[in-house]
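Input: a single structure, listed below in structure tokens.
Just so you know, all these numbers are worked out from the coordinates, no wet-lab data involved. Quick caveat, the model's predicted, so the values are computed rather than measured. Here the Cβ positions follow ideal geometry from the backbone for every residue, glycine too, while neighbour counts run over all protein chains shown.
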Amino acid sequence: MSRLENTAKNFIWSTISTLLGALIGFVSRTVFIHVLGTDYLGVNGLFTNLLTMLSFTELGIGAAINFSLYKPLALNDIEQIKSLMNFYKKAYGIIAGIITVLGLILLPFIKLFITGGEGIQNIYLIYLIFLFNTSYSYLFTYKRTLLFADQKSYLITNIQMVINILTLLIQLAILLVFKNYIAYLASMVVIGVLQNFYVNGYINKRYPYLLEKKVQNLSKENRASILKNVKALLLHKMGDLCINQTDNIIISSFINITVVGLVSNYYLIINTVNSFLVNLFNAANASWGHLIATETEEKRLDIFNGYNFLAFCFFGWASICFYNLLNPFITLWIGEDKLIGQGIVNLVIINFYVTGMRIPLANIKAAAGVYFQDRFVSLIQAAINLVISIVSVRYLGLAGVFMGSVVSSLLVPCWYRPIVVYRYVLAASPKTYFTKYVCYALITGVNTGITSALSTWLFKNGITWVSVSGTGIICTVIPFIVICLCFRHTKEYRYVKGLVKTLAYDRVLKRFI
């Protein structure tokens with residue numbers, strides 16, 4: 001099966017899973033808010049972030065092993081695959097233990113992270129359930145890396161989809177019948193354990209050699225290579241966690257746990273869209289690994305330019321939609337009293353766009369195993385983010401928290417990561433990339449202004465589902481026209497057009513004609 005076919009299958013199944021999960025997720029969130037209130041929603045977001053912070057002990061081993069698997073899978077080197085997976089299993093067992101110990105040490109101090117929320121009951125039990133759900137998963141999930149590296153993630157996506165939908169339906173029923181948050185969390189844990197046993201059994205059947213007892217230890221050279229990548233990835237992971245998982249902790253500590261719940265409603269929408277887009281780009285990760293191993297640097301550059309143009313199209317479009325639709329949608333969905341200011345929303349959108357535009361860089365960098373060269377970037381960004389956020393939140397409130405994310409992102413990785421990728425993977429000058437980056441940002445800004453002005457002019461009579469739907473159409477049609485007019489003669493546009501034709505016609509329609 002070709003790289004393109006594997007990528008398409010991975011994307012199609014992950015998209016179906018994301019869309020169905022999002023639909024039921026919105027229903028579940030609506031019931032959650034009305035039954036339990038925003039305080040428990042805030043606790044949900046806070047503890048998720050705290051436990052994700054503890055997962056820094058994973059050290060980036062997963063990414064390092066994933067990269068190390070590309071070559072033995074391509075060569076069908078069973079013994080090397082077994083050795084890598086055995087090493088992975090032992091490492092993740094140790095990590096599960098470390099997370100459990102650190103989580104228990106943190107237990108007595110949980111209430112220090114919460115401002116407000118006096119009506120929340122059983123806070124320590126809730127935290128322990130989150131801790132168990134985080135730590136035990138490391139004992140099972142390591143085997144899934146083999147499917148991702150083998151370009152076969154679509155094989156378990158449909159299983160995951162069914163289980164996720166089942167979980168959401170059961171949790172929805174528990175909320176409606178028992179109105180109990182503990183029961184809601186317990187159902188998630190029980191189904192998660194059953195899911196992991198089932199998926200592991202499925203992977204064992206597909207790769208039966210994983211059950212063989214005779215396994216060679218990794219050679220010193222392989223251990224040294226993995227250790228080098230792990231050291232670099234540890235710095236990346238620590239930085240990324242401080243950047244992505246601290247906002248809720250700062251909001252809960254300095255403002256109020258209820259505000260965490262309000263913000264989480266926005267992130268439910270943003271993360272749903274982001275999951276769809278990330279799935280699109282991540283579906284090609286293993287193919288990138290194969291491409292880098294087999295193609296010339298010129299070929300890599302051409303494909304990367306098209307890949308980057310796709311990121312501009314999708315993340316630019318999503319940002320435009322968010323600017324015009326987030327607050328109107330929240331108003332219609334759960335009420336005007338659940339809104340946050342448009343200025344704060346704008347900061348969140350800018351951060352979403354800037355982060356999204358770095359995904360092509362991150363994916364090709366990971367596929368090439370380039371971790372060491374920019375190992376300090378995430379830490380520097382994290383330090384800037386934390387300082388700005390903690391200082392600004394005292395003077396600007398919620399806006400200050402997100403200002404730290406935006407400023408740190410623009411100051412560090414947006415200019416340094418392209419330099420690393422172009423130097424070590426593409427063997428080209430990054431000047432063209434920066435020129436295109438500014439051009440893409442300007443086009444996105446212009447499209448945002450046009451769509452906002454047009455939708456405001458057309459829909460003057462208040463917020464309705466009709467106005468939201470009409471604005472959504474405007475936010476799709478106008479950017480599409482502008483992008484076609486501005487880029488129709490470029491190489492990237494022709495590449496993407498040919499890619500869409502191949503996927504939509506040659507791989508799909510021909511089967512029905």
Kyte-Doolittle at least 0.0, axis length at least 30 Å by Cα - qualifying DSSP helices, the chain: 3-36, 78-106, 154-177, 181-206, 257-282, 297-334, 431-458, 465-487
Ranked THR246, THR272, criterion: other C-beta atoms within 10 Å, fewest first: THR272, THR246
Debye, to nearest 20: dipole size of the chain, +1 on Lys, Arg Cβ, -1 on Asp, Glu Cβ: 1220
Charge dipole of the stretch 372-482 about the Cα centre (unit charges at C-beta), most positive-ward option of ASN385, GLY445, VAL482: ASN385
Positive-end residue, the stretch 119-267 charge dipole about Cα centroid, Cβ charges, pick of ALA183, ASN222, THR167: ASN222
Cα gyration tensor of the stretch 92-148 - equivalent ellipsoid semi-axes, whole Å, descending: 29, 12, 8
The stretch 386-464 shape via C-alpha gyration tensor axes, a/c threshold 1.5: oblate
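Among SER253, SER389, what is the fewest-to-most ranking by other Cβ atoms within 10 Å?
Values: SER253 18, SER389 24.
The order, fewest Cβ neighbours first, is SER253, SER389.
Give me MET161, MET403 ranked fewest to most by other Cβ atoms within 10 Å of their Cβ, as a rough exposure proxy. Display every interim value, and only then the final one.
Numbers: MET161 18, MET403 21.
Least crowded to most crowded, the residues run MET161, MET403.
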Violating pairs (Cα-Cα greater than 24 angstrom) within the set LYS89/LYS214; LYS89/LYS228; LYS436/LYS497; LYS89/LYS111; LYS205/LYS231; LYS89/LYS231: LYS89/LYS111; LYS205/LYS231
Leading residue at positive end of dipole, the stretch 371-484 (Cβ point charges), from LEU458, GLY400, VAL412: VAL412
Over the chain - Rg/Rh using Cα atoms and the Kirkwood inverse-distance radius: 0.95
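Is the shape of the stretch 76-174 rounded, prolate or oblate, going by the alpha carbon gyration tensor and its root eigenvalues a ≥ b ≥ c, with a/c under 1.5 for rounded and a/b larger than b/c for prolate?
oblate
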Residue-count net charge about VAL420 - beta-carbon cut-off 12 Å; Lys, Arg +1, Asp, Glu -1: +4
